[in-house]
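Written out below as structure tokens is the structure these notes cover.
Every number here is computed from the coordinates shown, using simple stated rules; none is lab data. Model, not experiment: these values are computed from the prediction.
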């Protein structure tokens, strides 16, 4: 795990994810709903973690339950095809990036979750 993103503070990444969604007329609550859906964190735990100096890798690695629907997340994010990512931590980071990106592109939270909850 040598990628710089792994050692960045989660709260900084979280702020970037929220800003991306807010710029596109979405709310922090929608971002939180997606983060909680994919990671299994409770909203109260997520709120606490945004105030603590935890790394992004630790946030991902300590997720209570990574959602099984994430296996259906495919496509490109940051120029990389998600299906080809071998590092499990980076794969999870990119899956989270992808669903926030879909929110920012105008999809509703229920559409995003519904799309990936399906067994394919």
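Annotations
- All distinct Cα pairs of the chain go into the 1/r average, and the inverse of that average, the Kirkwood radius, is 14.4 Å.
- Subtracting the Cα-Cα distance of residue 3 and residue 25 from their residue separation scaled by 0.36 nm leaves 4.8 nm.
- Based on Cα contacts under 8 Å between residues 6+ apart, the chain shows a relative contact order of 32 percent.
- Gain on full stretching of the segment that runs from residue 55 to residue 74 - 0.36 nm per residue minus C-alpha separation: 4.3 nm
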